[in-house]
2 protein chains.
Amino acid sequence: MKSPPTSSRAPRVADKQKLENQLCFALYSTLLGVNKVYRGLLREFDLTYPQYLVMLVLWERDQINVSEICEQLYLETTTLTPLLKRLETRGLISRRRSAEDERQVIVGLTEEGRALRQQLKHVPDCLGAAMGGSLDDVVELRDKLTKVRSKLFQAA
Amino acid sequence: MKSPPTSSRAPRVADKQKLENQLCFALYSTLLGVNKVYRGLLREFDLTYPQYLVMLVLWERDQINVSEICEQLYLETTTLTPLLKRLETRGLISRRRSAEDERQVIVGLTEEGRALRQQLKHVPDCLGAAMGGSLDDVVELRDKLTKVRSKLFQAA
DNA sequence: GATATTTATATCGCGCGCGATATAATGTCA
DNA sequence: TGACATTATATCGCGCGCGATATAAATATC
């Protein structure tokens, strides 16, 4: 088959509809791989990747409300509320209504949740090793994705 | 706050555990944005993004078996079988057991499924527009992700 | 002070995505 | 030829992720 487009020559519709030519599919399938690696690492702590992301947010800043976590993780509250409930059931976080504004729910770390940070500090390095590439490459890729993300959320 | 690491200086554990420093989170959140844009485009055709991916595979090659689709999409059969059933219910694909090897299920396009290709030919350009960036940038990003994907699936 | 509007979170239902498990078909070997 | 191993798909249960909808609280308006 013809090689994928690598020049400025405008690709044809048929080429655009080829799976491997699509950046979106590369994103989608790479994330499947990311999740597979995380599952291997987090399973023993009875955590999923989205739950781990919530913990990352809280390890950086304790006692924040649900909508702030939603903003940072680009998630809807309909996704986050059940997720937080599971973490609360696990004893890793606590939730309470804000005294100042009872519409808001404040999410905080428990002692167990705080202690987990140290136990999971090896995880980023494991992912880095699994992904390969130099630090500079990774940073550049991350920054380019971040730009694409901004554009996508503007367009949506 | 300190800027994210951009040099070869080894980042500290705390920096590695920062959400925005992680390539994985950039991937995860960018894919949320991708899905949001696709939902806007595919809703009127009553399709989801994973279903659209299956159609892309079949538009490229009709009459293939389930495990081949799984390979191309990096999915487990436990994910694909229900997904194919929904597409079959929609009348877009057909499924039948192979005469040569009855363990295998052959998936093919119906007339309606084939006709959908033309109706959706604008979708890749819409995503391209939503993502921004030159064709060269997109191709480079895609190729780098593809390399990372290979490493991840090897490591998993 | 009453009503309307806005904001924040909760619940529901559905479509994934996958580990665990089950069933059936094919291949291998003694 | 029969027993066993391997392969392919199906089902189950659970954790997301989100659109639709509901409820309650805060703010704005008259």
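Points to keep in mind about this one:
- In Å², nearest 10: area of residue A:59 left accessible to a 1.4 Å probe: 20 Å²
- Fluctuation leader among A:142, A:95, A:39 - chain A, Gaussian network, Cα springs under 10 angstrom: A:142
- Cross-linked pairs A:144/B:85; A:85/A:151; A:16/A:147; A:147/B:85: Cα-Cα separations exceed 25 Å for A:144/B:85; A:85/A:151; A:147/B:85.
- When the Cα positions of A:38, A:51, A:11 are compared along the charge dipole of segment A:9-63, A:11 comes out farthest toward the positive end, with charges on each C-beta of Lys, Arg, Asp and Glu.
- Distance cut-off 21 Å, percentage of C-alpha pairs in chain A lying past it: 59 percent
- Nearest-20 debye value, chain A charge dipole, Cβ charges on Lys, Arg, Asp, Glu: 680 debye
- Contact order for segment A:20-124, expressed relative to its length and based on alpha carbon pairs under 8 Å spaced 6+ residues apart, stands at 22 percent.
- Residue-wise HN-Hα coupling along segment B:71-79, computed from phi with Karplus coefficients 6.51, -1.76, 1.60 (Hz; x: Gly, Pro): 4, 5, 9, 6, 10, 7, 5, 5, 7
- Listed residues B:34, B:13, B:138, most fluctuating in chain B (Gaussian network, C-alpha, under 10 Å): B:13
- Model label sites at residue A:143 and residue B:67, defined 7 Å from Cα along the beta-carbon direction, differ in position by 4.5 nm.
- A Gaussian network model of chain A, with springs between Cα atoms under 10 Å, assigns the largest mean-square fluctuation among A:28, A:52, A:38 to A:28.
- Given chain A, longest segment not containing exposed loop GluC sites (Glu not before Pro) (DSSP; at most 10 other Cβ within 10 Å): A:1-75
- Shielding by partners for peptide B:131-139, expressed as the average number of C-beta atoms from other protein chains within 10 Å of each residue's C-beta, is 6.
- ³J(HN,Hα), Karplus 6.51/-1.76/1.60, whole Hz, each residue of segment B:11-17, x for Gly, Pro: x, 7, 3, 4, 5, 5, 8
- In segment A:78-156 the Cα-Cα distances spread across 5 Å bins starting at 0 as 3, 11, 12, 12, 13, 16, 19, 9, 3, 1 percent of all pairs.
- Directionally averaged projected area (convex hull, Cα atoms, the protein assembly as shown), nm²: 18.7 nm²
- For segment B:36-128, the Kirkwood estimate of hydrodynamic radius, built from reciprocal distances between every pair of different alpha carbons, is 13.6 Å.
- The residue among B:66, B:98, B:27 whose Cα reaches farthest toward the positive pole of the charge dipole of segment B:23-121, with charges on the beta-carbon of Lys, Arg, Asp and Glu, is B:27.
- Protein heavy-atom accessible area occluded, A/B pair - total, 1.4 Å probe, Å²: 6800 Å²
The values are calculated or read from the model by the stated rules, or taken from the named source; none is laboratory data. Please read these numbers as outputs of a predicted model, since none were measured by experiment. Heads up, the Cβs are rebuilt from the backbone with ideal geometry, glycines too, and the neighbour counts pull from every protein chain shown. Accessible surface areas use protein heavy atoms only, side chains included; no ligands, DNA or RNA. Shrake-Rupley method; radii C 1.70, N 1.55, O 1.52, S 1.80 Å.
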